[in-house]
Amino acid sequence: MSAAIALLLKLLKKGAEADIYLTMWGNRRSVLKIRKKKEYRNEVLDARIRSTRTVREARMMSEVKSFGTSTPIVYFVDPKKFEIYMQFVKGPVVRDLPDRKIITLCEKIGAVVGTLHKNGVMHGDLTTSNFILAGKKLVILDFGLSQRTERTEDQAIDLRLFKEVLNSAHVGIVEKAWASFLKGYGRAAGTAARERVISQVRVIEGRGRYANVV
Ligand SMILES: Nc1ncnc2c1ncn2[C@@H]1O[C@H](COP(=O)(O)OP(=O)(O)O)[C@@H](O)[C@H]1O
Ligand SMILES: [Mg+2]
């Protein structure tokens with residue numbers, strides 16, 4: 001990146017996988033997400049992974065809009081530079097909100113996830129940092145690990161991960177937040193689908209315990 005361009009960028013977040021800059025796209029405030037090189041990965045493989053995730057993220061962010069899911073608008077993608085320019089969404093991430101608010105919002109999160117699953121998309125990285133509350137709208141981010149799948153097993157992986165996030169980052173409200181999430185999920189995906197996925201989550205958790213014992 002040249003120094004002149006760098007002057008127009010403000011580093012917003014340094015993530016594990018990507019750096020997030022605040023910049024402009026034309027006259028619109030924009031976020032530039034650049035996937036970083038991982039030194040421990042083979043160089044060719046590393047470039048392939050970053051490129052695939054960049055393309056997948058941009059494509060899925062646009063596709064899920066047709067389900068009514070709110071995501072940042074994609075302005076520009078450069079798979080060779082591992083860059084996405086997207087709409088800047090103003091507002092806090094759910095992770096940083098007060099507990100009471102998180103419990104309520106988990107119902108909306110559940111509905112967003114239920115809608116994705118019903119339409120054959122798993123997110124792959126459901127954390128409370130990947131949702132921004134923009135006014136009354138809940139915007140979902142970070143589709144680099146998303147997949148097209150109708151499998152209950154994949155849907156259960158999404159739910160299990162979210163539950164783990166609640167357990168580690170929001171330990172005081174796990175039960176209420178999880179119940180709230182499931183309520184929203186059932187509303188969007190249907191109760192039969194919800195029960196199917198929950199029972200698969202139990203299977204995963206059962207396996208987990210078994211693995212610990214052995
Ligand atoms: N379009 C956006 N608008 C506003 N903030 C964003 C946007 N995209 C990302 N962020 C901020 O940057 C953080 C990391 O972005 P994310 O896409 O989740 O990357 P990572 O893969 O590193 O988690 C988010 O949790 C959010 O705080
Ligand atoms: Mg993220």
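The values are calculated or read from the model by the stated rules, or taken from the named source; none is laboratory data. This structure is a prediction, so every number in the text was calculated from the model and none was measured. Ideal geometry is used to build each Cβ from the backbone, glycine not excepted, and the neighbour counts take in all protein chains shown. These accessible areas exclude ligands, DNA and RNA; they are computed on the full protein's heavy atoms, side chains included. Shrake-Rupley method; radii C 1.70, N 1.55, O 1.52, S 1.80 Å.
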* Residues satisfying the stated conditions in the range 155-173, i.e. more than 15 Å from the chain's Cα centre (by Cα) and open to solvent by 20 Å² or more (accessible area, probe 1.4 Å) -> Asn167, Ser168, Ala169, Val171, Gly172
* Whichever residue in the range 37-79 is open to solvent by 60 Å² or more (accessible area, probe 1.4 Å) and among the aromatic types (Phe, Trp, Tyr) and, among such residues, is nearest to Lys108 (Cα to Cα) -> Phe76
* Sort out which residues of the range 114-152 are of a type in the set (Gly, Ala, Ser), in a helix (DSSP H, G or I) and either modelled with pLDDT under 95 or in contact with a strand residue (DSSP E or B) (Cβ under 9 Å, 6 or more places away or on another chain) (or both), and write them in order of number. => Ser129
* Of all residues in the range 84-104 being touching a residue at least 60 places away in the same chain (Cβ under 8 Å) and more than 20 Å from Asp19 (Cα to Cα), the one that is nearest to ligand 1 (Cβ to nearest atom) -> Ile102
* Given (1) away from ligand 2 (no atom under 15 Å from the Cβ); (2) open to solvent by 70 Å² or more (accessible area, probe 1.4 Å), index of the condition Arg95 fails -> (1)
* Asked: Among the residues of the range 138-153, is there at least one that is surrounded by fewer than 22 Cβ atoms within 10 Å (Cβ to Cβ), more than 16 Å from ligand 2 (Cβ to nearest atom) and of a type in the set (A, V, I, L, M)?
  -> no
